[in-house]
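See structure below.
Nothing in this text is a laboratory measurement; each read-out follows from the coordinates by a stated rule. This is a predicted model, so every value here is computed, not measured. Virtual Cβ from ideal backbone geometry, glycine too; neighbours counted across all protein chains shown.
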2 protein chains.
Amino acid sequence: MTPRRATASEEALLRIFTVPEAPDSTLSVIEQNISQNLMGFLQESVVAVEKPLTEIELDFQQHQIPAAPQFVSDYADDMMQTLVAHSVHTSAPSFIGHMTSALPYFVLPLSKMMVGLNQNLVKIETSKAFTPLERQVLGMMHHLIYAENDDFYQNWMHSANVSLGAFCSGGTVANITALWTARNQLLKADGNYRGVAAQGVMKGLRHYGYDDLAILVSERGHYSLGKTADLLGIGRENIIQVPTAEDNKVDVSKMRKLANQLAADKIKVMAIVGVAGTTETGNIDPLNELADLASELNCHFHVDAAWGGASLLSEKYRHLLAGIERADSVTIDAHKQMYVPMGAGMVIFKDPTFANAIKHHAEYILRKGSKDLGSQTLEGSRPGMAMLVHACLKVIGRDGYEILINNSLEKARYFADLINQHQDFELVSKPELCLLTYRYVPQKVQIAMANARANNDVDKLSEFNSLLDGLTKFVQKRQREQGTSFVSRTRINPEKAHLMDIKAVVFRVVLANPLTTPEILQQVLAEQKVIASQEQRFLPNLLALAER
Amino acid sequence: MTPRRATASEEALLRIFTVPEAPDSTLSVIEQNISQNLMGFLQESVVAVEKPLTEIELDFQQHQIPAAPQFVSDYADDMMQTLVAHSVHTSAPSFIGHMTSALPYFVLPLSKMMVGLNQNLVKIETSKAFTPLERQVLGMMHHLIYAENDDFYQNWMHSANVSLGAFCSGGTVANITALWTARNQLLKADGNYRGVAAQGVMKGLRHYGYDDLAILVSERGHYSLGKTADLLGIGRENIIQVPTAEDNKVDVSKMRKLANQLAADKIKVMAIVGVAGTTETGNIDPLNELADLASELNCHFHVDAAWGGASLLSEKYRHLLAGIERADSVTIDAHKQMYVPMGAGMVIFKDPTFANAIKHHAEYILRKGSKDLGSQTLEGSRPGMAMLVHACLKVIGRDGYEILINNSLEKARYFADLINQHQDFELVSKPELCLLTYRYVPQKVQIAMANARANNDVDKLSEFNSLLDGLTKFVQKRQREQGTSFVSRTRINPEKAHLMDIKAVVFRVVLANPLTTPEILQQVLAEQKVIASQEQRFLPNLLALAER
C-alpha cells in the first residue's frame, strides 16, 4: 500500500503545473508584447488582408485529440499563425462596426489574476471574497439605475435571502433570467397549485385560466427574446412584435391596442420589454410610457439595456433613458460600452425579493440561508468576471465614464453631421446614443429618389433600394476585406420616414471606441466612396435609373 | 463642424487605453509574481486563517460607483488585501474538497492573449479563426465520445448547417441546451402545429395528446436538472428522481417501472438522463442499460458527464463510462478534470442535425447559411474560452491526460485503502472515478454500530448517525478554518448498504489535483483525527452511546 513513485514521464508532465514558462520562451515573449503594446501587437499580428474562412478551416481539420503532447512554444507559434493572425482586430479604432471596443490596459493583468485564482462564484466555499465583491457590483449597478437610499443597500446588498440581480455570461442569459423570473412570479403557487416552477407551464395556464402568455416588445427587440420565449415554453409566436414609429421607437398606442386584443383572447401579457438601445439603430423606447402601460396591464416591465445601459453613467445623457428606474428588471452588459472584456452581463432587479421566484437549493451547496450566489442564477459554476467590472467602476470612476460616454455620443453626432454634409452619403438613422446607420447614395440618385418619393412612386423606390442593397453590400464586404477599417451592415426600412415599407441594407456604425478620431471617420467615408465608385454592376444601373 | 480638441483630463483618461502599466507598477509586479510562481504567490497572498464573511463584507459596502477615478496601483493594492487575501486557494494540493484544481501554467499567458484579442464567438464577423477553432474542439470532443469515421468529421465539423455541439459557460447551460433541444425535437412541428419553439409547451402537449412531460434521472442527478425543468416549462416535479442501489447507481428496473406508470398516466418521458460521475459520490449510472431503456421508450438519452467525462481521456479507465457512445447528447465541463480555467462547458450532440431544433436567426447576424456558432447556442455573446480547451488538448495530449486521469483515479483508490485501514475512519462510498466519501467514526463506535445493524436497531443507528453528523460538520468546518487543508461535505445515506434509509453528513473528497501527494492525504486524516478528538459535544455522547 505504499504509493508508487512517479515515473520520468509523469514528472515531466507535472512540470506544466509547477514550472512557469521561461521568460524567453515563445509564449512569454508573446505575452510581454501583449502587455507592453497591445495595439502594436494586434496591428502586427492580426493580418490586415482577409483570408477566406474555408482556407482558415484547413488549419483546424484534425478531429482526433493528438496523442503526443506538443511543446508550449510550438503550440504558441502555431496559434500565432493560424489563430491570432486570422482573428478580428476588435479594438482597432477604425473597426467601428461592432459593440466590442478597445480595452483599458489594466484589465489584462487583472484577467490573469482572475484566471490564476480560478474561483467559482456558484458558492462562497469556492469564491469567498469574490461573492461580496460580486454583490457589491450588483449593488452599484442597482444604485446606478434605481438610486435607492443608504438603508436599502445596507439591508439588502449582502443579505442571504435576496439578490439585487444576477451576474451572467452575457445579455442573453440576463434577458432569459429576467423573463424566467417574471414568468414564475406570474404563475406562482396559489392554493393547491404549486407554481410553474414545480408543475410546468401547462398547469400554470390552466390554473390561472389563461390560453397563453405573451411578451410585448418593439419589432426592434433583440433576437435573444425569441430564444427566451422558446426556452421558457411560451413560444416564439407569443413575442408580440409591435411596430415602431419612424424614429425606431416602439409605438406605445399600437402596443396598447395589441394588449387589449390579447386580453380579449384570454392571452395574458406576461411582460413588456422596453429596448434601451436597439441593436440595429441604437434608439431608446419611450420607457416612461411603457412603464405606464405595464402598470395598467399589471405586468412585469423589463428593460433590455444590454447595450445602452452604460449611458446611465453619463449625468449629461442619462436623461435619454428616463423611466428605466420604473423597470422591474434591467439587463446591462459590462462587456459593451463599459469597456470590460467579453463575458460580463448582468440583470438587475428593482425588488430584492424578486429573484426568489427562481431560487433553488442543493444538498452539498446552496444550502438554505447561505449567501451563495448560485441559488439565484441560471448558470452554475461561473468565473469571477465581476472583478473586472469592479475594477473598471473603480479605476475609471463616474468622472471617467462621464467623459468616455459623452465623447462617444458626441462623436456619433459629429459623424452624423459629416454624413449629412457629404453629398454622396445618406444618414438613415440619427444617433441617439453612439450608434447610427447610413449608406452611400450618389447625389444624382438622391435627387431622383426624392422625386420618386414626391410622386409616391413605390415601384421606382423599390428598384432604387434594391440596387442600393447590392452596392452597400459590395462596399461593406470590400472594405472589410481590405482590412483598414470595418463597418457592419444590417437591414432596416430607410423609407419609414416616408411611410413606405421597403427594407434595405445600410451601414451600421457603433462609436464606442475611445480611440476613434474624427480623422478616422473622415477616412472611413473616403474609403467607402472610392470603393463605391469602382463598383461595376449596381452603380451603373443606379445612375442609369436616376436618369430615366 | 471641426471636431473639438481633447481636454487634458480626456487625454489622461485615454492613457488607460493606450499606455500599459509600467513594469515596476504594483499591478505589473503582482502579475510577474503570478507568472513566475503562481503557487508561491497564492500561498503567500491567500491568508490561511479564515476571516468571517461578515467581516469581509465590510470591505465591499460602498454602493455608489465612486466619482473619482482610482489609480490602478492603489486599486491593485486594495484588491490584494481585500479580495485576493480572502479568496479560496483552489489550486492548493491539500484543498481536495472541490472540482477546481491546479491549472497548467501555460493557460495564464494564453488567457491574457484571449482577453486581449476580445473576440466574440457569437458570429464569425467578431471571431474569425476562433470559430473554426471552437468547431474543432467540439469535433475532437465528439470523436472522444463517439469515434465516428474520418468522413463524418470531414462532412460535418465545419458545416454551416449543423453543429456537433455547443460551447457553454458551464455544465448547467450545457444540460439546459441538451434538454431544450430534446424538448423541441419531441414537440416538433407536425401538420398545422408549428412546433413548441413557435407555439409553446401547452399547445405542444395538446397537439401530441400528452398530459405532461417527464425526465427520468437518478436521485443523485445534479440540481441543474431541476433548474432546467423549471426553465423549460416542464416543472421540477416532472424530473422523476429514481432511487439508486447501494452503489449510488440508478436502479434501471425501478426506472422502467416508473416509466410504465407514467405512460399509463399519459405522461410522455421526454428524456432519460444518465449521470456519469454523480457530484456527491462520483458514481456512474449503468449507461448501456439506460440506453436500452431509452430506445424502448423511444426517448432522448442524455448523459451528464460534466465531471466524469474527462475520464474518457484515459484508455485504461474509459470503460467505466461504457455506453456513453449511445447517448444522444453528452455534457462535459473542461473546467473540471480537463484542467482548463473556469467557464468552459460543452454539450456534444451525437447527430449533427440535432441542434437544428433550437436554431435561430437574426437580421444583422446569424444570417441563414452562415457558419456563425451563435445560431445554435443558448448564450449570445461569448468569449473565446474554447482556445484554452484547444491548448490543453494539444499541449497535454492524449498521452498526458492518460497519466493525469489514471493517477487521479489511482490516488483515490490509495486514499480509500488508507481510510479502510485506519481504525477510526469509515469509507462511505468507494471511489469509482477520483471522488470518495468517508467520515470519522471512532473504532468503538464502529463496533457498536455494527451491532446495532445486526440487531436491526434503526433507532439506535439513527441516534449514532445524528451524533456523527454534528462531529463531521465540526471537523470539516474547523479544518477549513485552520486553512491547511480542505475537504467538502455532503449528505447521503451511509446505511444504504444495510438497507436502511438514514441520511447523514460525510466528508467528500475529489482527487483531481495532480500535485496532491500520498503524504498530503495522510496528513489530511491525521489533522481530522486531532480535530475530532478535541470535539467536546458530539464525541463524548457518541462514546457514551457506544457503551450503552
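The distance between label points at B:Ala189 and A:Ala48 comes to 4.6 nm (points 7 Å beyond Cα on the Cα→Cβ vector). Look at the stretch B:338-347: the mean tally of other chain Cβ atoms within 10 Å of its residues' Cβ atoms is 4.
Which of the three applies to the protein assembly as shown, rounded, prolate or oblate, going by the alpha-carbon gyration tensor with a ≥ b ≥ c and a/c under 1.5 meaning rounded? Prolate is the answer for the protein assembly as shown, as a/c is 1.5 or above and a/b outweighs b/c. In chain B, the DSSP-assigned H stretches of four residues or longer account for a calculated mean residue ellipticity at 222 nm of -13500 deg cm²/dmol, using -39500 (n - 2.57) per stretch and the full residue count as denominator.
Straight-line cross-link partners of B:Lys257 among the aspartates and glutamates, defined as a Cα under 15 Å from its Cα and at least 8 positions apart when in the same chain: B:Asp265, B:Glu289, B:Asp292, B:Glu296. Counting only DSSP beta bridges with both residues in the protein assembly as shown, tell me the antiparallel percent, nearest 5. About 55 percent, rounded to the nearest 5.
Take every pair of alpha-carbon atoms less than 8 Å apart whose residues are at least six positions apart; their mean separation over the length of the range A:444-548 yields a relative contact order of 34 percent. Tell me whether chain B comes out rounded, prolate or oblate; compute the Cα gyration tensor, take square roots of the eigenvalues as a ≥ b ≥ c, and use a/c under 1.5 as the rounded threshold. Because a/c hits 1.5 or more and a/b fails to exceed b/c, chain B counts as oblate.
Label-point spacing for A:Asp24 across the identical copies (point 7 Å from Cα in the Cβ direction), in nm and ascending order: 2.5.
Scanning chain A for the Cβ atom closest to the axis that brings A onto B yields residue and whole-Å distance A:Gly233, 1. Taking every residue in B:384-395 and counting other chain Cβ atoms within 10 Å of its Cβ, the average works out to 4.
When both bridge partners sit in the range B:400-547, DSSP labels roughly 100% of those beta bridges antiparallel. Distances, shortest first, from the label point of B:Lys188 to those at the same position in the other copies read 4.0 nm; the point lies 7 Å along Cα to C-beta.
Between this copy and the others, label points of A:Glu547 are 11.4 nm apart in ascending order, each placed 7 angstrom from Cα in the Cβ direction.
DSSP beta bridges confined to chain A are antiparallel in about 55 percent of cases.
Note on A:Ala526 and B:His360: the model spin-label points, each 7 Å out from Cα along the C-beta direction, lie 4.3 nm apart.
Distance between the 7 Å Cα→Cβ label points at B:Arg15 and A:Leu543: 5.2 nm. For the cross-link pairs B:Lys411/B:Lys496; A:Lys128/A:Lys188; A:Lys51/A:Lys473, the ones whose C-alpha atoms lie over 21 Å apart are B:Lys411/B:Lys496; A:Lys128/A:Lys188.
Per-residue shielding of B:72-85, expressed as the average number of other chain Cβ atoms within 10 Å of the residue Cβ, stands at 4. Between A:Asn455 and A:Ala497, the contour length at 0.36 nm per residue exceeds the Cα-Cα span by 13.6 nm. Express in whole angstrom the spacing between the alpha-carbon centres of the range A:377-391 and the range A:441-474. First find each Cα centre; the distance between them is then 48 Å. Taking a virtual spin label 7 Å from the Cα of A:Ser533 along the C-beta vector, which residues in the range A:430-472 bring their backbone nitrogen under 13 Å of it? Answer for the range A:430-472: A:442-443.
Taking square-rooted eigenvalues a ≥ b ≥ c of the alpha carbon gyration tensor, is the range B:20-87 rounded, prolate or oblate, where a/c under 1.5 means rounded and, failing that, a/b exceeding b/c means prolate? It is oblate, given that a/c is not under 1.5 and a/b is not larger than b/c. Placing R0 at 30 angstrom, the Cβ-Cβ distance between B:Tyr208 and B:Ala160 gives a FRET efficiency of 0.45 after rounding to 0.05. Dipole orientation for the protein assembly as shown: of the candidates A:Phe486, B:His86, B:Gly191, B:Gly191 has the Cα lying most toward the positive pole (charges on Cβ; Lys, Arg +1; Asp, Glu -1). Counting only Cβ charges, +1 for Lys and Arg and -1 for Asp and Glu, the dipole size of the range A:405-547 around its Cα centre is about 320 debye. What the Cβ-Cβ distance of A:Phe71 and B:Val29 gives, at R0 = 45 Å and to the nearest 0.05, is a FRET efficiency of 0.95.
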